[in-house]
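Beneath this line is the structure, given in C-alpha cells, with notes to follow.
The values are calculated or read from the model by the stated rules, or taken from the named source; none is laboratory data. Source: prediction; values computed, not measured. Please note: Cβ atoms are built from the backbone with ideal geometry, for glycine as well, and neighbour counts cover all protein chains shown. Only protein heavy atoms, including side chains, enter the accessible area calculation; ligands, DNA and RNA are left aside. Shrake-Rupley method; radii C 1.70, N 1.55, O 1.52, S 1.80 Å.
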Amino acid sequence: MSWLYLASVVGAGFCMSLVDHRWRLFLFRWPRRALVVLAIGFVFFLVWDLVAIQLEVYSRGESPAMTGIEVARELPLEELFFIAFLCYVTGVLHGLFTRVLDREGAAR
Amino acid sequence: MTYLGLAAVFTAFTVPLLAVAVVRRRPDRRWWAATGLTALALVVLTAVFDSIMIAADLFRFDEESLTGIHVGLAPIEDFAWPIAATILVSSLLLLLAPAREPAEDRS
C-alpha cells in the first residue's frame, strides 16, 4: 500500500512512454531536446515546491499510499517522480496534438 | 506570501520564455493550437487528479495561504502548474528546435 502512489506515477509514466514510443511524439522523436526540456522543467517545479515548503504553504500528507521517504523536509520522494511525470506528459500531449492536427490538415 | 502570489511569480517566469520563443521562431497556428489543447487537457487532468490526490492526503496546504476558491478539492492556485508546464515545455520545444528547420518538422 505504501508504494501505491509511487507505482501509480511510474505506471502512468510508462503508459505515456508507450504512446510516445508508438507515435514518436516527444522523447522518442527528439531524445536530446526532450531530455533538456525535462531537465529544465524538473528543476523549475522542484524549486517551486521547495519555495512553497519554505513558505509553509505546502506540506507532506500522511497518506498510507506513500512510502514516507523524504528527500528534503516535507518533500516526499514521490514528488520528484510526479514533477518529472508532469513535464513528460506535457511534452507527449503537445506532440500528440501536433500529430492529430497535422493529419487533419493533410486530410483536407 | 500567499500560494496565489507564489503561483503568480513562478508562472510569470515562463512568460518571457514564451515571448522569446514566439518572437524568434514565429510558430504556426498548428503550434498554437497544440499548445492550447495541451493546456486544456492538463487543466482537466489537474482538476480530476489534484482532487483525488488531496482526498488521498498525499499533500496538504496551509489553508490561510489559499484564496479558498476550489475546483473540486483542488485549490485554484494549483492550476498554475498545468499552465506553467504547458508554457515552459511548449516554448522550450520551439527554442530548442534547430533554427533553420520548421518548428515542427515532418519526418
Distance (nanometres) between label positions extended 7 Å along Cα→Cβ at A:Ala39 and A:Glu70: 3.0
Axial C-alpha extent at least 27 Å, average Kyte-Doolittle at least 1.6 - helices from chain A (DSSP): A:31-54
Rounded percent of accessible protein surface that carbon and sulfur make up, chain A, 1.4 Å probe: 67
Principal axis dimensions, the range A:1-97 - Cα atoms, whole angstrom, descending: 40, 29, 20
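Computing the accessible area with a 1.4 Å probe over protein heavy atoms, can you report the carbon and sulfur percentage for the range B:2-70?
Carbon plus sulfur share of accessible area: 70 percent.
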Candidate residues B:Ile83, B:Ile54: accessible-area rank, largest first, probe 1.4 Å: B:Ile83, B:Ile54
Calculated P(r) tail over 28 Å for the protein assembly as shown, as whole % of Cα pairs: 29
Relative contact order, percent, chain B [alpha-carbon distance under 8 Å, six or more residues apart]: 45
FRET E, pair B:Arg60, B:Ala19, Förster distance 35 Å, beta-carbon r, rounded to 0.05: 0.50
Options A:Ala84, A:Leu55, A:Phe97, ranked by Cα towards positive dipole end of the protein assembly as shown, top entry (Cβ charges): A:Phe97
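When the helix-only estimate is applied to chain A (DSSP H runs of n ≥ 4, each -39,500 (n - 2.57), divided by the residue count), what is the mean residue ellipticity at 222 nm, nearest 500 deg cm²/dmol? Mind showing how you got there, number by number?
Details: 3 runs with 75 residues, N = 108.
Computed ellipticity for chain A at 222 nm equals -24500 deg cm²/dmol.
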Label-point separation, A:Glu104 to A:Val10 (7 Å along Cα→Cβ), nm: 3.7
Estimated distance in nm for a label pair at B:His70 and B:Ala12, the labels positioned 7 Å out from Cα along Cα-to-Cβ: 2.8
